[in-house]
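Working notes for the structure below.
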């Protein structure tokens, strides 16, 4: 069964600290983390060891804020 995870963290982008919160649909916490690291590395050219995760939390479908994740849950 797929679950929804909210991941909070940050990475250094040049001189600045870039903070993020991302919601992902995944089978496990580990899979959600792997997808996040892949997405951030791909979009921002940041190495995995430069991404700092502050919190990974499973959330209920009612708590989802991202419209793309909501559409995935409806399908």
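Against the longest alpha carbon principal axis of the chain, how many degrees, from 0 to 90 and to the nearest 10, is the axis of helix 29-44 turned?
In the chain, helix 29-44 runs at an angle near 50 degrees to the longest axis.
Run the quick spin-label model on residue 59 and residue 13: label points 7 Å from Cα toward the beta carbon, then report their separation in nm to one decimal.
2.0 nm
So what is the relative contact order for the chain, in percent, with contacts set as C-alpha pairs under 8 Å and at least six apart?
Computed over the chain, the figure is 39 percent.
In deg cm²/dmol and to the nearest 500, what is the mean residue ellipticity at 222 nm of the chain if only DSSP H runs of at least 4 residues count, each as -39500 (n - 2.57), divided by the residue total?
Rounded to the nearest 500, it is -10000 deg cm²/dmol.
By average Cβ neighbour count within 10 Å, what is the ranking of 8-19, 31-42 from highest down?
31-42, 8-19
According to the Cα gyration tensor, what semi-axes, each the square root of 5 times an eigenvalue, does the equivalent ellipsoid of the chain have, listed from largest to smallest in whole Å?
One finds semi-axes of 23, 12, 11 Å for the chain.
Each value in this text was obtained by applying a stated rule to the coordinates, not by laboratory testing. Predicted model only: the values in this text are computed from it and were never measured. All Cβ positions, even for glycine, are placed from backbone atoms using ideal geometry, and neighbour counts span all protein chains on display.
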